[in-house]
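Worksheet: the structure to be examined is printed underneath.
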Amino acid sequence: MKAALTVSLLLAAVAAVPAAHAAAPAIAPPGTATLEALLACKAGSNFSEAEAIDALQAAGLARKPGGTFEPEVAPVALFGGTVASADVNVAEGEKSLFVYLNGVDAKRLAKAWSVTTVNEYANTEEPSYVKRVDEGHTLHVIAGDDYEGYSAAVKCQITP
C-alpha cells in the first residue's frame with residue numbers, strides 16, 4: 001500500500017511539472033545567424049565562396065551532387081519558414097547567395113526588409129522585389145509557387 005501511494009505521488013509530481021520546463025525540439029541549428037547576415041546583403045558586405053559554404057553548412061545544409069545545398073537531417077528554420085535548398089555562386093564579376101524557402105510569404109518578407117520595388121524582370125506569378133542596397137549590392141526577394149517547390153527565395157547579389 002505504501003509503495004502504491006509513493007508511486008502515485010511521484011506520478012502526480014511529474015504530471016504537475018509545467019510544460020514550459022520541457023525542452024522544445026529545435027529545428028534551427030545555432031549556425032543560422034551567419035547565413036542570415038550574409039543574406040541581409042548589407043552595404044559594403046562581402047563573402048568568399050568558402051565563407052558562404054561554411055555559413056550554409058553551419059546552418060545544417062549539406063552540399064548535394066550538382067552543387068546545391070539541402071537540409072542534412074532536420075528542417076532548417078530561416079526567416080519564419082524552412083529552407084528547401086540553397087546555392088552559392090562566386091564567379092568573376094558576380095557573387096550570389098540564394099536560399100529557397102517554404103512557408104514564407106515573399107511580399108511579407110520584402111516588406112519586413114523594406115524591399116519595396118517590384119522587379120519587373122522577374123518571371124513570377126506573384127510580385128517579386130528587388131532593392132539596390134548600394135553600388136555593388138542588390139537584395140532580391142522572389143516569389144515562388146508550389147510548382148517550383150518553394151514559396152519564396154532570397155538572393156544577395158554582389159558585383160564589383
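A search for C-beta distances below 7 Å between a residue of the range 42-68 that is free of Cβ contacts under 8 Å to residues at least 24 places away in the same chain and any residue that is open to solvent by less than 70 Å² (accessible area, probe 1.4 Å) and of a type in the set (Ser, Thr, Tyr), counting only pairs 6+ apart in sequence or on different chains, returns Thr68/Ser85.
Applying the criterion of being open to solvent by less than 30 Å² (accessible area, probe 1.4 Å), without any contact (Cβ under 8 Å) to a residue 40 or more places away in the chain and not in a loop (DSSP other than H, G, I, E, B) to the residues of the range 87-129, the residue that is farthest from Gln157 (Cα to Cα) is Ala110.
Please find, within the range 31-84, the residue that is surrounded by the fewest Cβ atoms within 10 Å (Cβ to Cβ) out of those that are part of a helix (DSSP H, G or I) and among the charged types (D, E, K, R). Here the answer is Glu49.
Among the residues of the range 130-149, those identified as at pLDDT below 95 and assigned to a strand (DSSP E or B) are Gly144, Asp145.
The values are calculated or read from the model by the stated rules, or taken from the named source; none is laboratory data. The model shown is predicted, which means the values in this text are computed figures rather than measured ones. All Cβ positions, even for glycine, are placed from backbone atoms using ideal geometry, and neighbour counts span all protein chains on display. To get the accessible areas, we keep the full protein, side chains included, count just its heavy atoms, and leave off ligands, DNA and RNA. Shrake-Rupley method; radii C 1.70, N 1.55, O 1.52, S 1.80 Å.
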